[in-house]
Structure formats: C-alpha cells, structure tokens
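In what follows, a single structure is set out as structure tokens and then discussed.
The values are calculated or read from the model by the stated rules, or taken from the named source; none is laboratory data. On a predicted model such as this, the values are computed, not experimentally measured, just so you know. Neighbour counts run over all protein chains shown; Cβ positions are idealised from the backbone, glycine included.
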C-alpha cells in the first residue's frame, strides 16, 4: 500500500461509503478491522476482502459498492427487513441461488425504496439470503411487471444453502 493512505484511512473510506449507500451502521458491519484492500495501479480501492473472500468492490464509475455474497451475508443481519431486499418465490429460489437472474414475475415482495441500479439482497420468504446483485427495476416496478429481469444476480450462495435448512 504505497498510496500514501494509511490502512485506517482506507477502512474509514469504505465504511463511509457503506453508511451512505445502505444506512448508518452498515460500514461497521460490512468491514471489520481485519479487512485487506486490493488497490488499483492509481492507488484507489478496488476490492475489500476478509480472509481471502471478496466482501465488496468499489465501482470505478461512481464509487459505490457492489457486494460479494460474503458481504451480503454480513450486511443482511444489520438491515431490518424489508430494507434492500427482494423476495422471490420458493420454487425459483434454487435457480437464483445458483446465480440465475431474478425475474420480475417471480418477485413476491420488494423494498419500496429500491431504485434501479441499487445493490440488493435476494432472499426467500423466510428471509434466507440466496444471492446479491443489482436491481434493474424499482421496488414498485418489480411487483407491477410480469416480465423481464428484476435483479441481475452478481453472486449466489449456491444450492448447498438449501441443504442447510
């Protein structure tokens, strides 16, 4: 890290972004003190990892976070439902957990505050996290539309999560 920024300042930066994007307290929950940072050649934060697993990536175009499934799992307990959640039908949950996109016709509930482009958590009816991705529709549109992709899934937990039940 020869960027001139201390590890603490990098940690404070990503925590501030998370608090802005997801609400107060999200930064502390997402990024514990043991995080490591992967920096770009220009010294900007690209990825934040914990124990070698990607928690989040800082998007170059707008500075917002995209979550890895590990980051979504850390964030889910701190965000009170229905915040940033898209609930899908049980019969398609395994497909979504496997990394397939969540279609609007399979959405049974969504946070009304979701806007297109927001980073969201895809969950089952009993609030089990199955995937994370980018909303392509607003929360209202997800419920109103019967066609099209509602959430472009970036990473799913995999179908093993259903054997844990």
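The residues of the stretch 68-99 that are on the phi < 0 side of the Ramachandran plot and touching a helix residue (DSSP H, G or I) at 6+ places or on another chain (Cβ under 7 Å), listed by number, are 71, 74, 75, 78, 79, 86, 88, 89, 92, 94, 97, 98.
In the stretch 3-13, the count of residues that are surrounded by 14 or more Cβ atoms within 10 Å (Cβ to Cβ) and at pLDDT below 95 is one or more. Please determine whether any residue of the stretch 67-84 is free of Cβ contacts under 8 Å to residues at least 40 places away in the same chain, loosely packed, with under 14 Cβ neighbours inside 10 Å and either outside any loop (DSSP other than H, G, I, E, B) or in the same structural domain as residue 145 (by TED's automatic domain parsing) (or both). Within the stretch 67-84 (the criterion being free of Cβ contacts under 8 Å to residues at least 40 places away in the same chain, loosely packed, with under 14 Cβ neighbours inside 10 Å and either outside any loop (DSSP other than H, G, I, E, B) or in the same structural domain as residue 145 (by TED's automatic domain parsing) (or both)), the answer is no, since none of the residues qualifies. Considering every residue within the stretch 100-121, establish whether at least one is in contact with a helix residue (DSSP H, G or I) (Cβ under 9 Å, 6 or more places away or on another chain), touching a residue at least 60 places away in the same chain (Cβ under 8 Å) and not in a strand (DSSP E or B). No, that holds for no residue. The listed residues are 87, 92, 96, and the only one of them that is free of Cβ contacts under 8 Å to residues at least 24 places away in the same chain, outside any loop (DSSP other than H, G, I, E, B) and under 21 Å from residue 139 (Cα atoms) turns out to be 92. Restricting attention to the stretch 138-155, the residues being buried (at least 22 other Cβ atoms within 10 Å of the Cβ) and either in the same structural domain as residue 67 (by TED's automatic domain parsing) or more than 14 Å from the chain's Cα centre (by Cα) (or both) number 3. Among the criteria (1) surrounded by fewer than 20 Cβ atoms within 10 Å (Cβ to Cβ); (2) not in a loop (DSSP other than H, G, I, E, B), the one residue 127 does not fulfil is (2).
Within this structure, residue 29 passes the test of being out of contact with any strand residue (DSSP E or B) (no Cβ under 9 Å at 6 or more places or on another chain) and either surrounded by 15 or more Cβ atoms within 10 Å (Cβ to Cβ) or under 23 Å from residue 101 (Cα atoms) (or both).
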